[in-house]
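Remarks on the structure that follows.
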Amino acid sequence: MTETETDAIRLERDDGIATITVDRPERHNAMDETVARTLAETVTQAAEDDAVRCLVLTGTGAVFNTGADLSTFEGDETDAERLEAIATPLHETVSTLVSAPKPVVTGVNGVVAGGGLGLALAGDVVLAAEDARFEYAYPKIGLSGDGGATWLLPRLVGRRTAQRIAFLDEPIDAEEAVELGLATEAVASEEFDDRLEAVASELASGPTKAYAEIKRLFAASSTNGIEAHLEEEQERITDLASTADYAAGLRGFLEKESPTFRGE
C-alpha cells in the first residue's frame, strides 16, 4: 500500500476483533478514490478472514464519515466520473458489511453524513456517541443518495420516516437516532471507546455461525414469502445443530454454565 492508503485506513486485530478506522480527520474522514478503494479492500480482507469473529468500523476525531471528499470535485459534468470512482468501492464496502458472515459493529463516533450514512447503517449493531449527528445531506448539493442509504433507510425506519430524513434533511442526534431505529444505543462520549470494545468482545466470543445465519435470514425476510422463509429457517437451524457451538451451548444450558463458543 502507498503511504496515503496506510495513513487513511487503519486495521487492528485483537482477540478475534478486526477494527477498521478511517483516519483522515483533517478531511472529516471523507473519501477520495484511493481511500474508498483501500477501505473496500480492508473490509473484504477482514470479512473473509475466519480468525475474525467481529468486525468494527469507526472513525477518528469528531466525525465518523462524510462520504466523498468534495474538495476534489469541480462542480460540473466531469464529476460524474469522480463520483463513480468513489461510489463503486463504497458500494462494495457496504455490501460486504451487510453480507459478512460475522457480526459488524459500527462505532459512530461523531458526525455522519452523505456516503458515510450507508456505512454507519450497515452495522448489525450501531453505537452512537452522544454528540454524534446523522445527516442525509445529499439534497444540500443536489444529489440523490448512494452508499446504500436509500436501501437501508426504508428498511430500518419505514418509508415515511425515511422520506422525512431524506427530504427535510434535518440533523438527527444520537438519542433520536435510537428512537427511530437508525442506531442501537447512544453512549456517553467519555464511555464510547470502552463500550465499543465491550460490545465487540461480547460478539466475538459468541456463536459466530449462528450470527451468520441470523444475518442471512434477516436479509432474506424482505423477499421471501412466509412458507419459503419458514423452510429456510428450518434448514438453517438444523444445519447449526451439527456445530460445535451448538453442542457447547446446549451443554452450558443443561449444566447452567456459561458456554465457550469458538465459532465452529
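Determine whether Lys140 is charged (D, E, K, R), over 22 Å from Ala188 (Cβ atoms) and buried (at least 24 other Cβ atoms within 10 Å of the Cβ). Here the answer is no, as Lys140 does not meet what is asked.
Among the residues of the range 228-240, at least one is under 27 Å from Val157 (Cβ atoms) and among the hydrophobic types (A, V, I, L, M, F, W, C). Every condition in (1) hydroxyl-bearing (Ser, Thr, Tyr); (2) under 18 Å from Gly123 (Cα atoms); (3) in contact (Cβ under 8 Å) with a residue 24 or more places away in the chain holds for Ser189 except the one numbered (2).
None of the figures in this text is laboratory data; all of them are computed from the coordinates on show. Note that the structure is predicted; figures quoted are calculated from it, not measured. When we count neighbours, we look across all protein chains shown, and the Cβ atoms used for this are built from the backbone with ideal geometry, even at glycine.
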